[in-house]
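A short write-up of the structure that comes next.
What follows draws every value from the coordinates through simple rules; no lab data is involved. Remember, it's a predicted structure, so these values are computed and weren't measured experimentally. So basically every Cβ, Gly included, is an ideal-geometry build from the backbone, and we count neighbours across all protein chains shown.
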Amino acid sequence: MSNEQPNVRLQNLRDFTVQIRRTADDAIVGTGIAVTMDGQVVTCAHVARAAGVEPRDANGDEIGVYFPQARGGEEKTRRATVACCFPQHDDDVVLLQLTEGAAPLAPEQIAVLGRAEASWFHPFRSYGYRRLENYIAGHAHGMILGCVPPPLGRNVQAEPVQLESQQINQGMSGAGVLDIERNLIVGIVSETWFPDLSTKDRDTAWAVNARVLTFDPLNLPVQDEPLPLSKAPEPKTDIEEARASGTTPRPRWRNGLDEMTCWRPSVATGPTRSAA
Amino acid sequence: MSTFIIDEDTPILVEFAPRPGVQQVSLSPADLAAKSAQALDRAMGTIYQMARRVSALRVTLPDEFTQVELEFGVKLEAEAGALISKVGAEASINVTLTWERSDAEDE
């Protein structure tokens with residue numbers, strides 16, 4: 001159930017969500033989000049590896065990035081290289097840089113990021129390229145539960161964010177987690193739990209806290225203040241215009257009686273009989 | 001009478017089930033035939049190693065035991081390759097290894 005007022009609009013996830021592709025065969029390996037007009041895209045480090053590029057040893061190797069929402073006839077199929085990652089830490093994010101030109105998106109199509117700490121138990125939405133037969137993408141929704149200690153042996157700068165959602169599945173890595181109360185992207189989807197026969201914890205998934213994107217060398221801007229919900233123009237019905245457009249004439253029955261003028265309503269006692 | 005032609009190069013494809021546990025949710029559109037071949041190779045290696053262990057065990061058994069039978073399952077996974085599992089629905093391959101003491105060994 002959404003707490004959204006009917007006349008407000010959230011960030012549009014599809015505007016800044018991109019496909020991350022393997023250049024060898026153009027196969028989709030995951031999801032990313034456009035975070036600057038300069039052509040920077042955030043995705044998971046393991047998505048870059050699935051695309052055949054080791055972030056810590058990229059050597060300028062290219063990754064495919066496809067912008068489904070590119071506007072104005074801009075080229076949707078682009079290439080990017082790994083601009084930076086965390087070589088000393090295991091936070092599962094990388095920053096990609098388009099090799100040619102800026103992002104083919106308008107300013108309002110760029111993701112606005114926020115730290116996840118103020119989002120606990122907020123509902124969220126996401127969108128990514130999880131495959132359901134011939135459906136190549138899908139929406140997701142759920143709840144942001146809170147931070148948890150990282151897995152044993154993993155050295156991270158921010159604790160993973162635990163999510164509850166039925167729709168986080170393979171292909172969603174790199175998708176943005178949109179807190180619909182704060183209207184900010186507060187996480188990057190990274191992992192999910194596949195339950196055993198007990199089905200315990202079946203809707204559990206994890207995201208990277210967007211806070212890590214502020215750390216060196218990524219240094220992306222994030223904000224703590226909720227993003228104002230854009231107001232959609234309220235529908236206005238001009239009543240006078242509607243009245244002036246005319247009403248349908250009442251039908252007259254050929255064999256119907258004329259109005260009985262002998263009956264006239266009285267204010268005090270009701271209808272009285274008068275001389276015809 | 002229908003006839004068919006055997007294609008020596010027909011790949012054996014394995015239907016891999018998602019492994020329970022934490023998994024990263026990128027897509028890995030790798031060649032199913034290659035993954036299947038790798039998993040099967042590992043399964044054959046696992047069966048061979050189990051047979052070696054049974055063979056090593058039998059020489060330690062007292063003479064009154066004339067037969068050893070070992071039954072186990074092998075589960076094929078995309079990541080791990082091949083795992084020993086319980087016999088039955090959980091297994092992709094059910095294996096029975098039987099050794100019988102021959103008269104020649106008694107001499």
**Complete:** Simple spin-label estimate for A:Q97/B:R58, 7 Å along Cα→Cβ, in nm, reads 6.6
**Message:** Given Cβ point charges of +1 (Lys, Arg) and -1 (Asp, Glu) and nothing else, what value in debye, to the nearest 20, does the dipole of the stretch B:1-73 about its Cα centre take?
**Reply:** 380
**Message:** Residue by residue through the stretch B:93-101, what is 3J(HN,Hα) from phi via Karplus (6.51 cos²θ - 1.76 cosθ + 1.60, θ = phi - 60°)? Round to whole Hz and write x for glycine and proline.
**Reply:** 10, 9, 10, 10, 10, 10, 10, 10, 5
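Give the residue list of GluC sites (Glu not before Pro) in the stretch A:11-88 that are DSSP loop and have at most 11 other beta-carbon atoms within 10 angstrom.
Details: sites: A:E62, A:E74, A:E75; in loops: A:E62, A:E74, A:E75.
For GluC sites (Glu not before Pro) across the stretch A:11-88 that sit outside H, G, I, E and B with at most 11 neighbouring Cβ atoms in 10 Å, the list reads A:E75.
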**Request:** Loop only per DSSP, at most 13 neighbouring Cβ atoms within 10 Å: give me the trypsin sites (Lys or Arg not before Pro) in the stretch A:68-131, ordered by residue number.
**Result:** A:R71
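Given a Förster distance of 51 Å, report the FRET efficiency between A:K76 and B:D9 from their Cβ-Cβ distance, rounded to the nearest 0.05.
Working: r = 38 Å, r/R0 = 0.75.
Efficiency for this residue pair is about 0.85.
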**Message:** Between helix B:32-58 and chain B, what is the angle of the helix's C-alpha long axis to the longest principal axis, kept within 0 to 90° and rounded to the nearest 10?
**Reply:** 10
**Prompt:** Who wins for biggest fluctuation among B:T96, B:T66, B:T46 in a Gaussian network model of chain B, springs between alpha carbons below 10 Å?
**Reply:** B:T66
**Asked** In cubic angstrom, how much convex hull volume per residue do the alpha carbon atoms of the stretch A:1-151 span?
**Response** 151
**Prompt:** Once amide H atoms are built 1.01 Å from N in the peptide plane, which residues 5 or more positions from A:V65, or in another chain, come under 5 Å H to H?
**Reply:** A:R21, A:R78, A:R79, A:A80
